[in-house]
């Protein structure tokens, strides 16, 4: 497996409700565990890699049935930073976007609070929101999928 495939696999795993995943490909083996467990990768020469624990609360991944219904031009909007995800500007305000909304490039999708600074995350392209993959107030990691979108 190359580095991009591993990163993509980790993204999908972090967005799923799986607690453990083991992948073997020839001499390469990768084991991922949530809840504070270590991540181990092995190749011909045995190597162990310790990773930070995954966030305890993760959004459920799309089921196999819903993955089949995902359009070919679907894409993920990922977190550009580590922080706390908020769907609205304040607890009393409506969310910036909902599932099914069509958003335009530059429109605010959410806020990620990092170091007491509220960072508005904007759409980088015109799209339709197919799914919101994290809960309001949930901690997010860098490059973690936030939204499943369809480019329009």
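The values are calculated or read from the model by the stated rules, or taken from the named source; none is laboratory data. Here the structure is a predicted model, which means the values were calculated and not measured. Every residue, glycine among them, receives a Cβ derived from its backbone with ideal geometry; neighbour counts consider all protein chains shown.
Residues of the range 76-129 that are in contact (Cβ under 8 Å) with a residue 60 or more places away in the chain and more than 23 Å from residue 150 (Cβ to Cβ): 81, 82. Within the range 127-149, the residues that satisfy the criterion of being surrounded by 15 or more Cβ atoms within 10 Å (Cβ to Cβ) and more than 12 Å from the chain's Cα centre (by Cα) are 127, 128, 129, 130, 149. With the structure loaded, tell me whether residue 99 is in a strand (DSSP E or B) and either in contact with a strand residue (DSSP E or B) (Cβ under 8 Å, 6 or more places away or on another chain) or modelled with pLDDT of 75 or more (or both) or whether it fails that test. Answer is no for this residue.
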